[in-house]
Every structure is written in C-alpha cells, then in structure tokens.
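All remarks here apply to the structure that follows.
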Amino acid sequence: MKIALMDSGIGLLAAATAVRRLRPDAELVLSSDPGSMPWGPRTPEDVTARALAVAEAAAAHRPDALIVACNTASVRALPALRARLEPGVPVIGTVPAIKPAAAGGGPVAIWATPATTGSPYQRGLIREFADGVSVTEVPCPGLADAVEHADQSGIDAAIAAAAARTPDDVRAVVLGCTHYELVAERIRAAVQRPGAAPLVLHGSAGAVAAQALRRIGEHPAPEAPAHGSLTVLLGGREGTLTETALTYEEGRLLQAMSPAR
C-alpha cells in the first residue's frame, strides 16, 4: 500500500504522521514545493498549476491514493486534481473541521490564512455545518510561513496576534491550515483562559488519513510491522526531510518510523 501526500510545504507532516500511525506498513510519498510557498496569496489559477505539478510528481510514484494535505490547494485546485488523476488515483481533500467543532455547541473560532478567512468556501462550510453556533473567523497572517521556516519568534508573534483576535469565551478552535497543526499546543496555550474549560482543538490530519484508507478499501492496523518506506519529493526531485521539518515532532517521528532506503 502506498499513500502520497502533497502540500506547498511541510504542512503535510501532520497528515503523514497520522497515516503512519494508522498503517506503519504503508509506503509514504511526500510531495511539496517549498520554494513556491506561500500559496495563499497566489491567484486560483497559479495555485492550481502549482498543485497539479506537485500532485503529478507524486503520481509518478504510482500511489494508491493522494491526500491533498493543504487547505489552500483543496479550496482552489481539488476539482482540477480529481479531473487529472481520478479514477486511477483517488484524491482526498482537506476540509476544515468545522462540523465536529460546531457539534460541541460553540463558541468556535476558525484560525485560517487571510486568503481563506471570509472566503465563500469557508463561509459556505459555516452555513452548512455551524448554523446557530457562534463562529469567529480569525485570520492568521504570517503564521503558516513562520511555521514553514521554523521561525520561532515569528510563530510566537503570529499566534499572539491571532489569540488577541479570538474571543475569550471560545471553547473550540478549528485549525484551518495544515501548517497550524504542527504548533497546535502553542496555539492551545495562547488561547486557553485561566479557569475556563479545557480548550478543544480540531485539526484535519486524523480524518483525512482515515478517509484515505477507506477510499482504497483498507483498515487501520496500527500493530502492522513498521516497514513502510518514506520518499520525499521537493519540487519534483527526490530528497530528504528538511532541517526545518525535523524541528517538529511529526517530522522526527516520520524519520524514526521509516526504515532507511
């Protein structure tokens, strides 16, 4: 079994780790183009072209499924990716976890890139899944880029600014960009109010990993032998996990759980 994941940069690490935990025997292909980051400010046409290039690099390795581990690419390019690759390769997009967050009753905050915040796509999800629930859309300028480059002071500043825009009574935060899942506990610490109920964070990594297995008729088997390989593609060329990827627990786990090639 081979699962490919694509993103502009290292935001795919969280979903890749989720797949690895569900199926230690799965071969993983991680395809990104960090030199073109960030994708959020780019035009839809530019995002689509770049997403197709990253996806086709992954598809050349003949995966059983492709996870689009990027909210921007899912919003802008998912129809084009499916038209290009399906039915040969099932394509699984990433949707912000607004539905499970709203099921808790709110109030809910959705942290997302400035391009996604207030977009028709996100507003449509709120109408569909969070009707009657108090939802605050919180733009997080600079956070994804700071995470991508492991810029610790930049991460702290972007999280602090977004936390200041988050209402005090928020009970759940939707992490609306895959990069944010890599700093989830820092977000929790910034938003959690003293004496308040524990804050609930909602990412998408676990859900997309499970959906990828369902799409190819497989089931979780966390006890399977940990012999799944790891292939890293950077701009279409085979490489290794970057130093910045290895500053995050997810990157270190992927390296530790993948046999030497």
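The values are calculated or read from the model by the stated rules, or taken from the named source; none is laboratory data. Being a predicted model, the structure only gives us computed values, none of them experimental. Using ideal geometry, Cβ is built from the backbone for each residue, glycine included, and neighbour counts are taken over all protein chains shown. All accessible areas refer to the heavy atoms of the entire protein, side chains included, with ligands and DNA or RNA removed. Shrake-Rupley method; radii C 1.70, N 1.55, O 1.52, S 1.80 Å.
Quick notes
- Backbone geometry of the stretch 149-159 corresponds, through the Karplus equation with coefficients 6.51, -1.76 and 1.60 at θ = phi - 60°, to 3J(HN,Hα) couplings of 9, 6, 7, 4, 5, x, 4, 4, 5, 5, 5 Hz, x marking Gly and Pro.
- Full-extension gain in nm, Arg214 to Arg21, via 0.36 nm per residue minus C-alpha separation: 67.9 nm
- Relative contact order of the chain, taken over Cα pairs closer than 8 Å and 6 or more residues apart, is 28 percent.
- Zone of Ser153's modelled label, taken as backbone nitrogen in the stretch 159-202 under 19 Å from a point 7 Å along Cα→Cβ: 159-162
- Accessible area of the chain divided out per residue, in Å², using a probe of 1.4 angstrom: 43 Å²
- Short to long, the 5 Å bins of the Cα pair-distance histogram for the stretch 12-163 hold 2, 9, 16, 18, 19, 18, 12, 6, 1, 0 percent of all pairs.
- Between the stretch 241-258 and the stretch 171-194, the C-alpha centres lie 20 angstrom from each other.
- Calculated Cα extents along the principal axes in Å (choose from (1) 64, 46, 39; (2) 44, 41, 35; (3) 48, 36, 34), label: (3)
- Pairwise FRET efficiency - Ala49 versus Ser229, Cβ, R0 = 25 Å, nearest 0.05: 0.30
- Distance between the C-alpha centres of the stretch 30-51 and the stretch 197-235: 23 Å, rounded to the whole angstrom.
- When the solvent-accessible area of the chain is split by element, carbon and sulfur atoms take up 54 percent of it, the probe being 1.4 Å.
- The relative contact order of the stretch 70-133 comes to 35 percent, based on Cα pairs under 8 Å that sit 6 or more residues apart.
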